[in-house]
Amino acid sequence: MSKPYKNYDSKFKAKIAIEVLQNDADILEICKNHNVPKTTVLDWKNKLLEEAASIFIPQSEKEKVVRTFKQDIEIMKRIIGEITIENNFLKKKLQK
């Protein structure tokens, strides 16, 4: 039987990653204390380092990106609707 997959919440991941950054030499001890594999902890640390800059992006910039994504989604929905209508029309034409 395989081991059950553990899910860790984001606060726990952040806490461990910050702890590793503060005490880089004690990574094995940190892993042992929290019963988390070393590779998992290193992944969390790397993710924190990679995405730390996004914390300082102004809220207006984030909202602008969200607005752009929403507009893209609406355009795609419209295109899908048009294709669906064309597809239904062509199916009806083929049935005749």
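The values are calculated or read from the model by the stated rules, or taken from the named source; none is laboratory data. None of the values given here were measured: they were computed from a predicted structure. Methodologically, a virtual Cβ is constructed for each residue, glycine included, from the backbone with ideal geometry; neighbour enumeration extends over all protein chains shown.
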Considering the stretch 2-36, residues that are of a type in the set (Asp, Glu), surrounded by fewer than 13 Cβ atoms within 10 Å (Cβ to Cβ) and at pLDDT 90 or above, and then whichever is nearest to residue 55 (Cα to Cα), we arrive at 9
Output the residue which, of all residues in the stretch 42-75 that are among the polar types (S, T, N, Q) and surrounded by 10 or more Cβ atoms within 10 Å (Cβ to Cβ), is nearest to residue 15 (Cα to Cα). 46
Does residue 77 satisfy the condition of being at pLDDT 95 or above and either within 30 Å of residue 18 (Cα to Cα) or assigned by TED's automatic domain parsing to the domain that holds residue 13 (or both)? no
Identify the single condition in (1) in contact with a helix residue (DSSP H, G or I) (Cβ under 7 Å, 6 or more places away or on another chain); (2) touching a residue at least 12 places away in the same chain (Cβ under 8 Å) that residue 42 does not satisfy, given that it satisfies every other one. (1)
Which condition number does residue 39 fail, the rest of (1) surrounded by 10 or more Cβ atoms within 10 Å (Cβ to Cβ); (2) in the same structural domain as residue 15 (by TED's automatic domain parsing) being met? (1)
Kindly check whether there is at least one residue in the stretch 7-17 that is in contact with a Cys (Cβ under 9 Å, 6 or more places away or on another chain) and free of Cβ contacts under 8 Å to residues at least 40 places away in the same chain. yes
